[in-house]
1. Run the simple label-point estimate for LYS203 and ARG270 please: 7 Å along Cα→C-beta, distance reported in nm.
2. Rounded to the nearest 20 debye, what is the charge dipole size of segment 106-166 about its Cα centre when +1 sits on each Lys and Arg Cβ and -1 on each Asp and Glu Cβ?
3. Out of the total accessible area of segment 40-132 (probe 1.4 Å, heavy atoms of protein only), what percent is carbon and sulfur?
4. What does the charge count near LYS88 come to, summing +1 for each Lys or Arg and -1 for each Asp or Glu among other residues with Cβ under 14 Å from its Cβ?
5. Whenever you get a sec, compute what percent of the accessible area on segment 196-299 sits on carbon and sulfur atoms (1.4 Å probe).
6. Summing Lys, Arg as +1 and Asp, Glu as -1, what charge do residues with Cβ under 15 Å from the Cβ of PRO234 carry, PRO234 excluded?
7. Hey, what's the Cα Rg ratio for segment 211-256 versus the globular rule of thumb, 2.2 N^0.38 Å?
8. With the contact rule set at Cα under 8 Å and sequence spacing of 6 or more, what percent relative contact order holds for the chain?
Amino acid sequence: MLRGGIIGAGFFAANHLNGWQMVDGAEIVALCDTDSGRLSTMGDQFGIIRRYTDAAQMLAEEELDFVDIITTAPSHRPLVELAASSGKHIICQKPFAENLTDARAMVAAAQTAGKTLMVHENFRWQSPVRTAINEIRAGVIGTPFFCRASFRSGYDVFSGQPYLAEGERFIIEDLGIHVLDIVRAVMGDVATVAAHTNRINPKIRGEDVATILLSHDSGMSSVVDCSYATQRSPETFPQTLLEVDGDKGSLYLKAGYRLEIHTNGEVETRDVSPELLSWAERPWHNIQESVLSIQQHFCDCLRDGRQPETSGTDNLKTLTLVEAAYLSASEARTVETNHL
């Protein structure tokens, strides 16, 4: 049984703690947060007796195999480096880092310590998206030559996470990073990025609309479009919609978790709705279910001695796309990813 510690008891932590209770082969034995009130509330809710307000103290006093870091990006580098130097495996929330320098330093710290570092890119692990990725990887539509990944919503994400309205960066850093990661999983690594952004909501500082054109190493192309300013009924939050064309057919992940596979003049339609776990609630159940999938994958990789699919090293490539998109939008030019 792998023993884990949680660092961070904020907005999203309950999803992690609920997920860990269902993971095969792991248990959470300690909890840390600098806010004693949140620490007490979360500790009581999940019956975690060992509680700390100092991460270094927790890592020194507890016999842990891994830590799950559920904090905001500015704290990730010191916490990852601390955990690595303490000999712990690490799963870290996204955004992984505020910049590529910090991200590379975290990856290097884990490699130097010989420890596994996984990034919590949860959209790739949502069961409807995962089903689509698996079908494409199995060659059902042949070799993909075009992908469009779309997340468009008017859902009020700011009421639960007010800090999202305060940063100079918003939708690409917070949401687009997930959608870019999905496209990488489907189409492979990216050579160039061209992006355009807008701010429609006057009450926020960052961009809430982004359209990104990607040219892949394969020579194929993808479009990522994200919006938190889109009014639609029914609301599709938090669904990512996909359309992928291959040389033997096309695949569509449509609203309402409907998967369509078009091949040989025929259409196969499936309901790929995510499971509503006992502790989950609509419409968040899609994301909440993915948390459990991520955690199980992390533990399975530790047990099997293999690297997670969304390892720190792999996530550097996704984070590079985020930086390339912001640079492209600010300078109105196409950015080559290998120059970042």
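1. Each label point is offset 7 Å from its Cα along the Cβ direction, giving 4.1 nm.
2. Details: 6 positive and 4 negative charges, 52 e Å.
It comes to approximately 240 debye.
3. Numbers: 1640 of 3520 Å².
With neighbouring chains kept in place, the figure for segment 40-132 is 47 percent.
4. Details: positive: ARG3, LYS115; negative: GLU61, GLU62, GLU63, ASP65, ASP68, GLU81.
With Lys, Arg at +1 and Asp, Glu at -1, the net is -4.
5. On the way: 2310 of 5090 Å².
It is 45 percent, rounded to a whole number.
6. Working: positive: ARG152, ARG232, LYS254, ARG258, ARG282; negative: GLU235.
Net charge in that neighbourhood comes out at +4.
7. 1.40
8. Numbers: 720 pairs, mean separation 63.1, N = 340.
Value for the chain: 19 percent.
The values are calculated or read from the model by the stated rules, or taken from the named source; none is laboratory data. Please read all numbers here as calculations on a predicted model, not as lab measurements. Positions of Cβ are generated from backbone atoms using ideal geometry, with glycine treated the same way; all protein chains shown enter the neighbour counts. Remember, those area values only see protein heavy atoms, side chains included, never the ligands or the DNA or RNA. Shrake-Rupley method; radii C 1.70, N 1.55, O 1.52, S 1.80 Å.
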